[in-house]
Amino acid sequence: MQNQNWQKTKLMENKITSLFKNKEQGILNVYVTAGYPHLESTIDVVLALEKAGVDIVELGMPYSDPLADGETIQNSSQIALKNGMHLDLLFKQVKEIRSRSKIPLVLMGYYNQMIQYGIDQFLATCQSHKIDSLIIPDLPVEIYEKHHREQFKKYGMSMCFLITPETSDERIVKMDEMTNGFVYVVSQSSITGKTADISKQQITYFEKIKNYDFKNPTLIGFGIHDKKSFDQACKYANGAIIGSAFIKALGKSMEEFSSEGSGPFIDDIVRDFIDKIK
């Protein structure tokens, strides 16, 4: 059974921590790129994910050089940028989502985006728009601890760090210590978007992770793409994250979308995808 010592630790209270208190297993976090497939798709996609039973939405901030992302998410980011997506518009869309939804929202992006926006302003805007947590893959934990941890606390913003199969035991403890949302367990040593079956080597890694005394819950991501891989991941963590597979599902229907709303309803596309996972 997944180690639940994190339940004994008082974590920063938000929608994510409340979720994990009420639902210990089978958490489904779905990533979607803001502004994809069309500029105004973000709101409808997030609301459709909530309606379909998703537990957390990870909202990607489109970026020109997304180092942690595979081809599928990189392409979606490029399309979103060409559509005209930028952070101020993203926050405007988040505000609309928040007026209609209570689903936990995580923003995933890159350190340079925060710097360009102004880190204090960025965190303040996240707070005022009720973002629950951040995932910034290229923000080193040492820089976070030395320069930004108190800023995050000031604005009540939680942070989720990533660990990989190469992360040392000492560093896993450090990442867990600095995290106050969930630990993002990267399933493989690669960028996002790989869809091969979970290997024996990965299972060994998952078993190791399962036996750690984390103070935070854990979600497994990278390569989770169908019901089989989702169910396998949930055996070793509190849940899993699906990104590229969902983006592909939206992409297949992209030509059928239009700004006037013709073509298949986003609700139908999202529900069909999520029903195949859950």
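The values are calculated or read from the model by the stated rules, or taken from the named source; none is laboratory data. Because the structure is a prediction, the values reported are computed rather than measured. With ideal geometry, Cβ positions are generated from the backbone for all residues, glycine too; neighbour counts draw on all protein chains shown. To get the accessible areas, we keep the full protein, side chains included, count just its heavy atoms, and leave off ligands, DNA and RNA. Shrake-Rupley method; radii C 1.70, N 1.55, O 1.52, S 1.80 Å.
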Euclidean distance between Cα centres, region 45-59 to region 201-240, Å: 21
Short version: ³J(HN,Hα) in whole Hz for each residue of region 94-109, in order, from phi by Karplus 6.51 cos²θ - 1.76 cosθ + 1.60 (θ = phi - 60°), x for Gly and Pro, what are they? 4, 4, 5, 4, 5, 6, 10, 8, 10, 5, x, 10, 10, 8, 10, x
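Obtain the radius of gyration and the Kirkwood radius of the chain from its C-alpha atoms and give Rg over Rh.
Values: Rg = 17.5 Å, Rh = 18.7 Å.
Result: Rg/Rh = 0.93.
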For region 136-151, 3J(HN,Hα) per residue [Karplus equation, 6.51 cos²θ - 1.76 cosθ + 1.60, θ = phi - 60°, Hz, x = Gly/Pro]: 10, x, 9, 8, x, 4, 5, 5, 4, 5, 6, 10, 10, 4, 5, 4
Calculated from backbone phi, Karplus (6.51, -1.76, 1.60) coupling profile of region 223-239 in Hz, x at Gly/Pro: x, 7, 9, 8, 4, 4, 5, 5, 4, 4, 4, 5, 6, 10, 8, 6, x
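Grab the other residues whose beta carbon is less than 14 angstrom from that of Lys278, score K and R as +1, D and E as -1, and report the net.
Residues near Lys278 contribute 0 overall.
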Cα gyration tensor shape of region 25-81, rounded if a/c is under 1.5, else prolate or oblate by comparing a/b with b/c: oblate
With a 1.4 Å probe and all protein chains left in place, how much accessible area per residue does region 33-155 have, in Å²? 42
Grab the DSSP H runs of the chain that are 4 residues or longer, score each as -39,500 (n - 2.57), total them, divide by all residues and round the 222 nm result to the nearest 500 deg cm²/dmol. -12500 deg cm²/dmol
Out of residues 5 or more away from Ile220 or on other chains, whose amide H comes under 5 Å of its own, with H placed 1.01 Å from N in the peptide plane? Val185, Gly239, Ala240, Ile241
Pull up all non-local amide H partners of Tyr31: gap of 5 or more, or a different chain, and H-to-H distance under 5 Å with H placed in the peptide plane. Glu58, Ile242, Gly243
Counting only protein heavy atoms with a 1.4 Å probe and every protein chain in place, the carbon and sulfur fraction of the accessible surface of the chain in whole percent equals 50
